[in-house]
Amino acid sequence: MVERIAGFMVVYGLLVVGGTLVVAALGVDLVSAFGGVISALGNMGPALGEAGPTASFADAYPAPARMVLSVLMLIGRLEIFPMLLMLVAPYRALDGATRGMRIRLRGTHR
């Protein structure tokens, strides 16, 4: 149980750090980038800095940064692990299919 909670916290932290770096690289100051990422990932409403309670995300962030924040909002709203599984599941299915093919091929070469 503790490993699952720790895993969730690590993934959440990596998303916050990575999202902050990406948004800051798109021309937003660090406080606004961090506040926007936390706000989007946690679905909490107003952010810190330029997108505070009396401002707008449209004025504070350029369009590419808003797209990054939108993806983070989806990840936060739909939960992190189901979103990761959605990205990993097709590759696991391919791996399982090729593994079964390898077993069948080995059985034919006696």
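Values in this text are rule-based calculations from the coordinates and carry no lab data. Keep in mind that what you see is a predicted model, and the values were worked out from it rather than measured. In this analysis, Cβ positions are derived from the backbone assuming ideal geometry, glycine residues included, and neighbour counts consider all displayed protein chains.
Over the Cα atoms of the stretch 2-78, compute the convex hull volume and normalise it per residue, giving Å³.
Considering the Cα atoms of the stretch 2-78, their hull volume per residue is 76 Å³.
Of the listed peptides 30-37, 47-54, what is their order by residue-averaged count of other C-beta atoms within 10 Å, with the highest listed first?
On the way: 30-37: 22.6, 47-54: 15.5.
So the order, starting with the most tightly packed, is 30-37, 47-54.
Give me the net charge for the shell around Glu50: Cβ to Cβ below 12 angstrom, other residues only, Lys and Arg +1, Asp and Glu -1. List each step's numbers first, then the result.
Details: positive: none; negative: Asp29, Asp59.
Charge balance in the 12 Å sphere: -2.
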